[in-house]
Amino acid sequence: MASPKIIVRKPTAAERKEAALWGEWSKEPSAFEWSYDEQETCLILEGSASVKSKDGSQSVSFGPGDWVVFPAGLQCVWTISKAIRKKYQFG
């Protein structure tokens, strides 16, 4: 069974404004496994990374200005190539 789909797109002006109120997370270049118990939506502020589903069905890359939605149930591997900083919200 394929993993739930990861969405990468540019945010609307309203979404950018909303994201300004969210929590912030940053991490140095690294690789790690992660799983999502609930949906996470984030706005990438700096850096770049790629995320590949553990079942190999999808791989996405993103950077500054991207709006990324990670679906609940996703099991993946993050590879951060340039220190990343993002605004995020679960649910």
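The values are calculated or read from the model by the stated rules, or taken from the named source; none is laboratory data. As the structure is a computational prediction, the values presented were derived from the model and not from experiment. Backbone-built Cβ (ideal geometry, glycine too); neighbour counts: all protein chains shown.
Worth a mention:
- Residue count for the range 9-25 satisfying the condition of being over 11 Å from Ile44 (Cβ atoms) and not in a strand (DSSP E or B): 10.
- Residue among Val8, Val69, Val77 that is out of contact with any Phe, Trp or Tyr (no Cβ under 6 Å at 6 or more places or on another chain), β-branched (Val, Ile, Thr) and in contact (Cβ under 8 Å) with a residue 60 or more places away in the chain: Val69
- Criterion applied to Lys52, Lys87 was being closer than 18 Å to Val8 by Cα, surrounded by 13 or more Cβ atoms within 10 Å (Cβ to Cβ), of a type in the set (D, E, K, R) and touching a residue at least 60 places away in the same chain (Cβ under 8 Å), and the one residue passing it is Lys87.
- Selection of the range 1-32 for residues being of a type in the set (Ser, Thr, Tyr) and touching a Lys or Arg at 6+ places or on another chain (Cβ under 9 Å) yields Ser3, Ser26.
- With respect to (1) part of a loop (DSSP other than H, G, I, E, B); (2) aliphatic (A, V, I, L, M); (3) surrounded by 14 or more Cβ atoms within 10 Å (Cβ to Cβ), the lone exception for Ala72 is condition (3).
- Checked across the range 36-48, the condition of being more than 15 Å from Ala19 (Cβ to Cβ) and outside any loop (DSSP other than H, G, I, E, B) holds for at least one residue.
- Test result for Glu28, among the charged types (D, E, K, R), crowded, with 17+ Cβ neighbours inside 10 Å and modelled with pLDDT of 95 or more: no
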